[in-house]
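A.B. asks: Right, I'll just put the structure down here and ask away after.
The values are calculated or read from the model by the stated rules, or taken from the named source; none is laboratory data. Nothing here was measured: the structure is a model prediction, and the numbers come from that model. Note: ideal-geometry Cβ built from the backbone for every residue, glycine included; neighbour counts use all protein chains shown.
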Amino acid sequence: MTSKQKETTTESQVATRSGLKMQDLVNATGVPKGTILHYLREGLLPEPVRTSTNMAYYDRLSVARIRLIRQLQHDHRLKLSEIRRILEDSADEEELSMRASLNELIFGPLQSEGDLDLPAFCEATGLSPEQVSQFLRAKMLLPAQEGRFDGGDVGMGRLLVSGMAAGMQLEDLTYYVELGEKIVDHEMALRGRLTRDLPSLQNASMTMELVKAAHMTRAYIIDRLFQRRISAMRDLTEGETK
């Protein structure tokens, strides 16, 4: 085997271990295959490593770049030619790496397998399609991708089944959505104020720290308030028995 062949083989092996297949990109971004291929033809994505005629592995940073492209298209109404110029001028590897880490922090680790369609989700949770539709409308089920359900959705679906079996009504649970939307609105406004004038890389870095702080603060405040309420109830009960 020549040195060039060895180099190609090594590159293919690395790509197989760390790269993403096209379906992985589709699942992670919600962007159709045809659109991703169009981005590739337009020079917006790095070329994949091709291990055979019909098999290619894409850099993991492509997920962050695809989401960035969609954001620039939808939020800023930019043409692909303008987006390509922005990517060429400013989106270096450090920035894309930061955005990839931020995406994983917000959306969770990439899961290329295991998502369920509606029939499989109903079978896994015990919910009927009608109940799923009801919980979707009430925002008690919030799948990351329309029509696909991941492990978090399955866990929530089973919890809803248990709650209904215990006598809970949908109206007993929707306050979580109402309060959650208020919390998210406040967090987004705070992020906007703190990052408004920051350069792109610093903006992403600050956003990452704010997301981490939000995760911890939500859990800490609610858990501690709950613990204090339980302690107060115990103190009251003990006082009545003395």
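A.B. asks: Give segment 55-66 a look and list any residue that's in a loop (DSSP other than H, G, I, E, B) and in contact with a helix residue (DSSP H, G or I) (Cβ under 8 Å, 6 or more places away or on another chain), or say none.
C.D. replies: Arg60
A.B. asks: Say whether the condition of being at pLDDT 90 or above, part of a helix (DSSP H, G or I) and surrounded by 14 or more Cβ atoms within 10 Å (Cβ to Cβ) is met by at least one residue in segment 98-118.
C.D. replies: yes
A.B. asks: Conditions: (1) in the same structural domain as Phe135 (by TED's automatic domain parsing); (2) surrounded by fewer than 12 Cβ atoms within 10 Å (Cβ to Cβ); (3) part of a helix (DSSP H, G or I). Thr237 meets all but one. Number of the miss?
C.D. replies: Going through the list (1) in the same structural domain as Phe135 (by TED's automatic domain parsing); (2) surrounded by fewer than 12 Cβ atoms within 10 Å (Cβ to Cβ); (3) part of a helix (DSSP H, G or I), Thr237 breaks only (1).
A.B. asks: Might you check whether a residue that is hydroxyl-bearing (Ser, Thr, Tyr), at pLDDT below 90 and surrounded by 17 or more Cβ atoms within 10 Å (Cβ to Cβ) occurs anywhere in segment 31-51?
C.D. replies: For segment 31-51, residues hydroxyl-bearing (Ser, Thr, Tyr), at pLDDT below 90 and surrounded by 17 or more Cβ atoms within 10 Å (Cβ to Cβ): present.
Results for (1) at pLDDT 95 or above; (2) part of a helix (DSSP H, G or I); (3) not assigned by TED's automatic domain parsing to the domain that holds Leu20, shown as yes or no for each residue.
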site: Ser81; (1), (2), (3): no, yes, no
site: Leu87; (1), (2), (3): no, yes, no
site: Cys122; (1), (2), (3): yes, yes, yes
site: Leu136; (1), (2), (3): yes, yes, yes
site: Lys139; (1), (2), (3): yes, no, yes
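A.B. asks: So which of Val132, Val184, Val154 ends up being in a helix (DSSP H, G or I), of a type in the set (Val, Ile, Thr) and either surrounded by fewer than 13 Cβ atoms within 10 Å (Cβ to Cβ) or in contact with a Lys or Arg (Cβ under 6 Å, 6 or more places away or on another chain) (or both)?
C.D. replies: Unique residue meeting the criteria: Val184.
A.B. asks: For segment 18-54, how many residues meet the condition of being part of a helix (DSSP H, G or I) and basic (Lys, Arg)?
C.D. replies: 2
A.B. asks: Now, a different point. Within segment 39-82, track down each residue that is basic (Lys, Arg) and more than 18 Å from the chain's Cα centre (by Cα).
C.D. replies: Arg41, Arg50, Arg77, Lys79
A.B. asks: Shifting gears a bit: Can you pull out the residues in segment 159-175 that are modelled with pLDDT under 95 and of a type in the set (Ser, Thr, Tyr)?
C.D. replies: Thr174, Tyr175
A.B. asks: Determine which single condition Ala144 fails, assuming it passes every other condition in (1) more than 17 Å from Ile106 (Cβ to Cβ); (2) in contact with a helix residue (DSSP H, G or I) (Cβ under 8 Å, 6 or more places away or on another chain); (3) at pLDDT below 95.
C.D. replies: Of everything listed in (1) more than 17 Å from Ile106 (Cβ to Cβ); (2) in contact with a helix residue (DSSP H, G or I) (Cβ under 8 Å, 6 or more places away or on another chain); (3) at pLDDT below 95, Ala144 misses just condition (1).
A.B. asks: Tally up the residues in segment 27-63 that are aliphatic (A, V, I, L, M) and touching a Pro at 6+ places or on another chain (Cβ under 7 Å), please.
C.D. replies: Residues that pass the stated criteria total 1.
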